[in-house]
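Reading through the structure tokens given below for one structure.
The values are calculated or read from the model by the stated rules, or taken from the named source; none is laboratory data. Given the structure is predicted, the values throughout are model-derived calculations rather than measurements. When we count neighbours, we look across all protein chains shown, and the Cβ atoms used for this are built from the backbone with ideal geometry, even at glycine.
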Amino acid sequence: MSVTNDVYADHRLHKMARTLHESGFDVLILGKKTKQEVTKTDYAVIKRLPVVFKKSFFFYAEFNIRLFFYLLFCRAHILTANDLDTLPANTLVAKLRRRKLVYDSHEYFTQSPEILHKPFVIKFWSWLERICVKHISQGITVSPSIAKEYKAIYGKEFHVVRNVPERNRITPHTDLPDFMHHPKLILYQGSLNLGRGLEMAIDAMQYLEDHKLVIIGKGDIEKELKTLADRLNLGHKVFFTGRVSYTELPAYTRKALIGLSVEEALGKNYEYALPNKLFDYIHAEVPAIVTNLPEMKAIVEKYKVGKILTNNDARELARLISDMTADKQLLDDLKQNCKKASEELCWEEESEIVKEIYANLWSNFKPPDSKANRL
């Protein structure tokens, strides 16, 4: 299983690996080596490849070259490319070694806000994806809208495996910062990137009394967000934790009164997004505020687990937060709805799709030698 991140906080990757291990596979995770330490697991071997370049085209090129040579001599029978940025190396090795290839697309990569203003970059990745998708054995993605889009473009069926938490996830004891114990805590967790509505969330804190905003994660605009909070004199109201391990994150999430998933409609990647943080909020029984985008709106309306922000405006967001926190009965009802929804929106249900995909791949695979009976 290949990723371009350092494996530390990739919730979906770890859930997939655990599911495959429980199904009888030996799992190897390949990621990027960083200074961040990663705890050893009992469900996968983790190998992180060193890289010289840290970003841009050179990083992706270098990582795929290193990944190609590692996979070329690696004893693996099923290859999984997590996202488009690991697909080229996996495709080449799968063709050369006649291996099964799974493409697990966690997002609509070619419609990411970070590259929407770069037409050449979009054309390059779209061209690369079109070539590689022809050779995949199975496709997986995270929302019905993205699956439908891929079907229309590539004529390939993609299975939908939503990025939902485990039902009864065990969380280790975690010492939380003092600000996490505030009674009116508003939470954002996820990547700190363009189009996540984070500037609006920080701006909204100007209009709220007795509330605190906690932002969990790291990303491209982290420095700009901290500068904005300082410029608005919100240092006592807005707090940044950096990244939190996927094992400890639920302890943070449960402390929130309201969770935010307020992405902007910057490209189809966000328009069709079904973020894992929305499901994390639901499992923590934390009502959510989401923007008026189809996939998130459908979940919130179906299960009645939050409210929809119809206008992406800081004052409007502050008003909605204030109305929700002032209505204890509403919050109690939404929490109860979250509890009910979590029984259905859980990894135990989604993982059955994963098990079936990989079981079918293995049953149709002819090992190159008779001794090979596992991944």
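Give just the number: which of (1) buried (at least 21 other Cβ atoms within 10 Å of the Cβ); (2) over 22 Å from the mean Cα position of the chain (by Cα) does ILE146 not satisfy? Of (1) buried (at least 21 other Cβ atoms within 10 Å of the Cβ); (2) over 22 Å from the mean Cα position of the chain (by Cα), only one is false for ILE146: (2). Would you say ALA318 is buried (at least 16 other Cβ atoms within 10 Å of the Cβ), touching a Leu at 6+ places or on another chain (Cβ under 8 Å), at pLDDT 95 or above and hydrophobic (A, V, I, L, M, F, W, C)? Yes; evaluated as a whole, the condition is true for this residue. For first residues located in segment 24-47 and within 21 Å of VAL244 (Cβ to Cβ), partners that are aromatic (Phe, Trp, Tyr) and lie 6+ apart or on another chain with Cβ distances below 6 Å form the pairs GLN36/TYR8; VAL38/TYR8.
Give just the number: which of (1) among the β-branched types (Val, Ile, Thr); (2) touching a residue at least 40 places away in the same chain (Cβ under 8 Å); (3) closer than 22 Å to ILE29 by Cα does ILE146 not satisfy? The single condition ILE146 does not satisfy is (3). Filtered by the rule that a residue be out of contact with any helix residue (DSSP H, G or I) (no Cβ under 7 Å at 6 or more places or on another chain), within 13 Å of VAL290 (Cβ to Cβ), in a helix (DSSP H, G or I) and not acidic (Asp, Glu), segment 301-320 gives LYS302, LEU320. If you go through segment 255-294 and keep only what is of a type in the set (Lys, Arg) and part of a helix (DSSP H, G or I), you end up with LYS268, LYS277. If you check ALA251, ALA229 for being touching a helix residue (DSSP H, G or I) at 6+ places or on another chain (Cβ under 9 Å) and at pLDDT 95 or above, only one passes: ALA229. It is to be established whether one or more residues within segment 301-324 are of a type in the set (D, E, K, R) and in contact with a Ser or Thr (Cβ under 8 Å, 6 or more places away or on another chain). Yes; the residues of segment 301-324 include at least one that is of a type in the set (D, E, K, R) and in contact with a Ser or Thr (Cβ under 8 Å, 6 or more places away or on another chain). In the set (1) over 21 Å from MET324 (Cβ atoms); (2) at pLDDT 95 or above; (3) buried (at least 21 other Cβ atoms within 10 Å of the Cβ), the condition left unmet by VAL160 is number (3).
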